[in-house]
């Protein structure tokens, strides 16, 4: 896990992506690199992936409660079928 995205020579700012990788901040990149970076972000949709992953990470309790509830309902359904 990455704690900080501060590069040693500090040519541009960066931020954490999914708490694992450091990606440069778009506004701090030189114009020649901004076009290439923009095409990568547009192609893969990294901002959307980060948003989805963050939502899943923050709502793990809801997913856990839903799974446990489903197993309980399945158990009672099987009892009723007998």
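A short reminder: the numbers here are calculations on the coordinates, not readings from a lab. The model shown is predicted, which means the values in this text are computed figures rather than measured ones. Because the Cβ atoms are built from the backbone with ideal geometry, glycine has one as well, and the counts that use them run over all protein chains shown.
With neighbour counts taken as other beta-carbon atoms within 10 Å, the residues 74, 33 rank, fewest first, as 74, 33.
Going by neighbour counts of Cβ atoms within 10 Å, the residues 21, 60 line up, fewest first, as 60, 21.
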